[in-house]
Amino acid sequence: MKIHQLSLFLENKPGQLTEPCRLLAQAGINIRTLTLADTEEFGILRLIVSDWQKGARLLEESGYVVNVTEVVAVEVPDRPGGLAELLAVFDKTEINIEYMYAFTFGRGDTAVLIFRFDKPDAAIERLQLAGNIVVGSTEVYERIRT
């Protein structure tokens, strides 16, 4: 239940974010969620889009360096302590969370977070054994339409 994420390397200067977003829009590719991290000279734009293969191909053909990464979407109780409880699943394990960011939807009393784990299969197994809901890519793309 991994989701494909596109990562683009952009110069850290005004206007660099507009063009990849415009290209995706013109191709009818919907951005489901994104995060932007920066350094002094470069930024990393991470995107989950409605058609990752078409999006990656389009952006690469337009001259962008695109890295496709597998990430995991997890439902988290939307209340104080919900995230801390989920993170406790990884206490005393060798599974590292490389980064995480919020998704733009949830269901009722849950939120959804995107995680990049160094060992995604082991992380998914631990999450599911602990009763957490790992959201598949089909659910991610379809839930937003409703």
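The values are calculated or read from the model by the stated rules, or taken from the named source; none is laboratory data. It should be emphasised that the depicted structure is a prediction, and the values quoted were computed from it without experimental measurement. Every residue, glycine as well, gets a Cβ built from its backbone with ideal geometry; the counts of neighbours run over all protein chains shown.
Residue-by-condition table, conditions (1) at pLDDT below 95; (2) closer than 13 Å to SER7 by Cα; (3) surrounded by 16 or more Cβ atoms within 10 Å (Cβ to Cβ); (4) within 18 Å of the chain's Cα centre (by Cα):
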{"site": "GLY28", "(1), (2), (3), (4)": "no, no, no, no"}
{"site": "GLN53", "(1), (2), (3), (4)": "no, yes, no, yes"}
{"site": "LEU59", "(1), (2), (3), (4)": "no, yes, yes, yes"}
{"site": "ASP91", "(1), (2), (3), (4)": "yes, no, no, no"}
{"site": "VAL112", "(1), (2), (3), (4)": "yes, no, yes, yes"}
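Could you check segment 89-120 and list, in sequence order, the residues that are touching a strand residue (DSSP E or B) at 6+ places or on another chain (Cβ under 9 Å), part of a loop (DSSP other than H, G, I, E, B) and in contact (Cβ under 8 Å) with a residue 24 or more places away in the chain? Across segment 89-120, the qualifying residues are PHE90, ILE95, PHE103, THR104, PHE105, GLY106, ARG107, ASP109. Residues that are loosely packed, with under 11 Cβ neighbours inside 10 Å and in a loop (DSSP other than H, G, I, E, B) within segment 61-70 comprise GLY63, VAL65, listed in sequence order.
Output yes when any residue across segment 14-31 is out of contact with any Lys or Arg (no Cβ under 8 Å at 6 or more places or on another chain) and under 22 Å from VAL135 (Cα atoms), and no when none is.
Yes, there is a match, as at least one residue in segment 14-31 is out of contact with any Lys or Arg (no Cβ under 8 Å at 6 or more places or on another chain) and under 22 Å from VAL135 (Cα atoms).
The set of residues in segment 74-86 that are over 11 Å from ASN132 (Cβ atoms) and either in contact with a strand residue (DSSP E or B) (Cβ under 8 Å, 6 or more places away or on another chain) or touching a residue at least 12 places away in the same chain (Cβ under 8 Å) (or both) comprises ASP78, ARG79, LEU83.
Annotation note: Cβ proximity below 8 Å between a residue of segment 21-44 that is of a type in the set (Phe, Trp, Tyr) and a residue that is exposed (fewer than 12 other Cβ atoms within 10 Å of the Cβ) and assigned to a strand (DSSP E or B) (sequence gap 6+ or interchain) occurs for PHE42/GLU11.
Give the residue that is farthest from PRO120 (Cα to Cα), with candidates limited to residues of segment 1-26 that are of a type in the set (Gly, Ala, Ser) and at pLDDT 95 or above. By that ranking, first place goes to ALA25. Might you let me know whether segment 71-88 holds any residue that is touching a Ser or Thr at 6+ places or on another chain (Cβ under 7 Å), at pLDDT below 95, under 30 Å from PRO14 (Cα atoms) and outside any loop (DSSP other than H, G, I, E, B)? The answer is no; no qualifying residue exists.
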